[in-house]
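What follows is a set of notes on a single structure, which appears directly below.
The values are calculated or read from the model by the stated rules, or taken from the named source; none is laboratory data. Quantities reported herein were computed from a predicted structural model and do not represent experimental measurements. Every residue, glycine as well, gets a Cβ built from its backbone with ideal geometry; the counts of neighbours run over all protein chains shown. Just the protein is used for accessible areas: all its heavy atoms, side chains included, with ligands, DNA and RNA removed. Shrake-Rupley method; radii C 1.70, N 1.55, O 1.52, S 1.80 Å.
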Amino acid sequence: GFDVIYGTEVYEGQLEKWFPNNPKAKKLLHAPILVSTIDHLTPATEGVRGGRQIVPMLRLLTSDLVLDEPDEFDLNDLPALARLVNWAGMLGSKVLVSTATMPPALAYALFEAYQEGRKAFNSATLQMDVQKPVVCAWFDEFTAQTSEQENIQSFIKAHDEFIQKRIAKLNQDNVIYRKAKLLEIAATTDLPSLNTMSETIRQGMVNLHQAHHQQYASGKKVSIGLVRIANINPLVAIARLLYAN
């Protein structure tokens, strides 16, 4: 046994001679646990020039993949996400998706992507005599559920069963910590779409403040709220419009 101490510039191993003058590549490869944005790994499947796929590909070859909040990605990014999960399956890696808000369709798509990759891994490692199922697990604050899934139909059934149990558990808890309101954005005005959204959000903030504020002895009214927007560019633009008003 030996202790792994990371943070030094001393690297040893078969890959050392490949990247003698590339400290970023060495850190990506040698970190015992790599925490990074996903764009450090997507070149494994999206790189088209300069050998940019080599380092993330080698990292995935010896690591499991944990994806945090993949449902926050833009729709245009989902094909790249599915390709990355597919490639992890091809390399024999495990994949963990960490989110509480993933749409069922995305869960199904990532399962299919992983399963197809895993088939290629099984074929390459001479395990194709019997098609092996994919071992799946679901976790929440109430329980954990594991099962082996042969195909997408069985995965959909197991996924829906877990969701229904979770809904039933959540409905048993009558303590309300937060209240949310989905605002309808009417695209019928003469204003640009971002201005329309900012006006609707501003009015919604005012209405929620009036309904849920706390008033202190000084007469001041205080409330805390959160406006949730998925994509960065419209978020920044709407924040500037709200600040200007």
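Key figures for this structure:
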{"read-out": "Heavy-atom accessible surface of the chain: percent carbon and sulfur, 1.4 Å", "value": "56"}
{"read-out": "Cα lying deepest toward the dipole's positive end in the chain, options I232, F142, A100, charges on Cβ", "value": "I232"}
{"read-out": "Within the chain, percent of DSSP bridges classed antiparallel, to nearest 5", "value": "65"}
{"read-out": "Hits among lysines - C-alpha to C-alpha of K94 under 30 Å, sequence gap 8 or more where chains match", "value": "K17, K24, K26, K27, K119, K132, K157, K165, K169"}
{"read-out": "Accessible area in square angstrom per residue, the chain, 1.4 angstrom probe", "value": "73"}
{"read-out": "Under 15 Å, Cβ to Cβ, from N207 - net charge with Lys/Arg +1 and Asp/Glu -1", "value": "+2"}
{"read-out": "The chain, helix-only ellipticity at 222 nm - DSSP H runs n ≥ 4, -39,500 (n - 2.57), divided by all residues, nearest 500", "value": "-14000 deg cm²/dmol"}
{"read-out": "Charge dipole magnitude, Cβ of K and R +1, D and E -1 - the stretch 135-214, Cα centre, debye nearest 20", "value": "340"}
{"read-out": "Sequence-separation-based contact order of the chain, relative, with Cα cut under 8 Å and 6+ spacing, percent", "value": "11"}
{"read-out": "Mean separation of Cα contacts under 8 Å, 6 or more apart, over the residue count of the stretch 128-242: relative contact order %", "value": "16"}
{"read-out": "Dipole-positive endmost among A82, L126, T45 within the stretch 23-132 (Cβ charges, Cα centre)", "value": "L126"}
{"read-out": "Sites N231 and Q210, calculated FRET efficiency, Cβ-Cβ separation with R0 35 Å, nearest 0.05", "value": "0.75"}
{"read-out": "For the stretch 72-88, 3J(HN,Hα) per residue [Karplus equation, 6.51 cos²θ - 1.76 cosθ + 1.60, θ = phi - 60°, Hz, x = Gly/Pro]", "value": "7, 6, 5, 4, 5, 8, 5, x, 5, 4, 5, 5, 5, 5, 4, 5, 4"}
{"read-out": "Rounded, prolate or oblate (a/c below 1.5 giving rounded, otherwise prolate when a/b exceeds b/c) for the stretch 173-218 by Cα gyration tensor", "value": "oblate"}
{"read-out": "The stretch 119-159, relative contact order [Cα under 8 Å, separation at least 6], %", "value": "28"}
{"read-out": "Nearest-20 debye value, the stretch 25-102 charge dipole, Cβ charges on Lys, Arg, Asp, Glu", "value": "580"}
{"read-out": "Prolate/oblate/rounded label for the stretch 89-245 (Cα gyration tensor, a/c 1.5)", "value": "prolate"}
{"read-out": "Rough spin-label spacing in nm, given labels placed 7 Å along Cα→Cβ, for L78 and V175", "value": "3.6"}
{"read-out": "Charged-residue dipole, Cβ positions (Lys, Arg, Asp, Glu), the chain about Cα centre, Debye nearest 20", "value": "580"}
{"read-out": "Cα-based shape type of the stretch 164-245, given that a ≥ b ≥ c are square roots of the gyration tensor eigenvalues and the cut on a/c is 1.5", "value": "oblate"}
